[in-house]
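As structure tokens, the structure follows; a few thoughts come after it.
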Amino acid sequence: MPIILEPTLENITRCAERLRAGLPVAFPTETVYGLACDARSEAAVAEVYRMKRRPSSNPLIAHVTDPAMAKRAVIGWDVRAQKLADAFWPGPLAIILSRRSDICALSVGGRTTVAVRSPAHPVALALISAFGHPLSAPSANRSGRVSPTTAQHVADEFAEIADLPILDGGPCDVGLESTVLDLSRARPMILRPGAIGASDLEPFVGAVATPGIMHQAGSPGTSASHYAPSTATELVTESDLAARLARATAPVAVVACAGTNVPPPHTLHALPRHAATYAQLLYATMRRADASGADTMLLVAPPERGALWDAALDRMRRAAARRPTTGA
Ligand code: AMP
Ligand code: MG
């Protein structure tokens, strides 16, 4: 069984020692919980890929305390990167630049680049600081499944892993993975949408490209099927919901905003109609609907547009995408 730990100074120090011994630690960030390891150690990184069953081509984000530590991970930390860090760090923005050899090649699937991010969570910053070096940390879930936003979610994901320490920092504030911005190319490009949108970034870096089809951007975690529940999942618009429910032959679990009309025998798993709390609760609500025993889960597309709503829609699309027969 994993061990859920209060984030005391003593426990954080112990976890940093464990990281030094090449062993993984689960920790809270403001986006989702992560599974951390020493970004410099191929052996430690290999263990995280193995635990997650993550394809080795899918790169990890290196988590740092601040720009000074980021500069130890990347080459070419320029004025744009500094402006972004000043504006958004610590926060849900990962910046891709050329990789220094200190960050092991295995952690980025052999790429010449690495994404760096400073997470806005005191426990995350304390752990990185106690360790003293960048921590590679993917979301603390099995590859392709719904990301964890509480310590208990992580314990559920890795139930059979003995002694995995999970620092409990409470429910995640943002609830969706970070925006990933590629600054290694001439024109900055968002590879994964998150709480920080193109219009937030443009004042600092100029025009930002936002490819419609994410998986064409060479960013594996953005492949079509990801964040997937075990229940068969479909994405519908609010206006199509009634017709879809009328066709159902068995009770359906519906994830939608509070107030959505979901007649019995179907069940509404309600989300607030407010972007920040909607994003915060989306994954926990999907997990609850997934565990409800329904044969089908319907995700109703968000009611509005905007960075957080769009990031939520992106994850819902991929949760509903048909799973590939191989790989991720
Ligand atoms: P996760 O660790 O689960 O939050 O996923 C991190 C995601 O960030 C990956 O799946 C990629 O989509 C993206 N990413 C991280 N590093 C890079 C990189 N060096 N090049 C391209 N995409 C990256
Ligand atoms: Mg992930």
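The values are calculated or read from the model by the stated rules, or taken from the named source; none is laboratory data. A quick note: this is a predicted structure, and the numbers were derived from the prediction, not measured. Heads up, the Cβs are rebuilt from the backbone with ideal geometry, glycines too, and the neighbour counts pull from every protein chain shown. SASA here: full protein model, heavy atoms, side chains in, ligands and nucleic acids out. Shrake-Rupley method; radii C 1.70, N 1.55, O 1.52, S 1.80 Å.
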Probe of 1.4 angstrom, ligands and nucleic acids ignored: what's the accessible area per residue over the chain, in square angstrom? 40 Å²
Which value, in debye to the nearest 20, gives the size of the charge dipole of the chain about its Cα centre, when Lys and Arg are +1 and Asp and Glu are -1 at the Cβ? 860 debye
If you line up the long axis of helix 42-52 against the longest principal axis of the chain, both from Cα atoms, how many degrees apart are they, to the nearest 10? 10 degrees
Please give the net charge around Glu177, taking every other residue with its beta carbon less than 9 angstrom from that of Glu177, where Lys and Arg add +1 and Asp and Glu add -1. +2
Here, trypsin sites (Lys or Arg not before Pro) of the stretch 23-131 satisfying both criteria (DSSP loop; at most 11 other Cβ within 10 Å) are Arg53
Show the residues, 5+ positions off or on another chain, whose built amide H is closer than 5 Å to the amide H of Arg273. Ala258
The chain: calculated mean residue ellipticity at 222 nm from DSSP helix runs of at least 4, using -39500 (n - 2.57): -9000 deg cm²/dmol
Using a probe of 1.4 angstrom, how much of the accessible area of the chain is carbon and sulfur, in percent? 54 percent
Taking the dipole of the chain about the Cα centre (Lys, Arg +1; Asp, Glu -1; charges at Cβ), the one of Ala294, Pro59, Ala275 that reaches farthest to the positive side is Pro59
Dipole magnitude of the stretch 7-135, debye to nearest 20 (Cβ charges: Lys/Arg +1, Asp/Glu -1, about Cα centre): 360 debye
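What's the longest piece of the chain with no exposed GluC sites (Glu not before Pro), counting a site as exposed if DSSP puts it in a loop and it has at most 16 other beta carbons within 10 Å? Intermediate results must be reported in sequence, preceding the final value.
Values: sites that count: Glu160, Glu304.
Result, exposed sites excluded: 1-159.
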Report the trypsin sites (Lys or Arg not before Pro) located in the stretch 233-325 that are in a DSSP loop and have at most 12 other Cβ atoms inside 10 Å of their Cβ, or state none. Arg305, Arg322
Tilt of helix 122-131 relative to the longest C-alpha principal axis of the chain, in degrees (0 to 90, nearest 10)? 30 degrees
Can you tally the net charge around Gln280? Count Lys and Arg as +1, Asp and Glu as -1, for every other residue whose Cβ sits under 11 Å from the Cβ of Gln280. -2
Can you tell me the Rg and the Dmax, both Å, for the Cα atoms in the chain? 19.3, 58
Could you give the angle, 0 to 90 degrees to the nearest 10, between helix 307-320's Cα long axis and the longest principal axis of the Cα atoms of the chain? 70 degrees
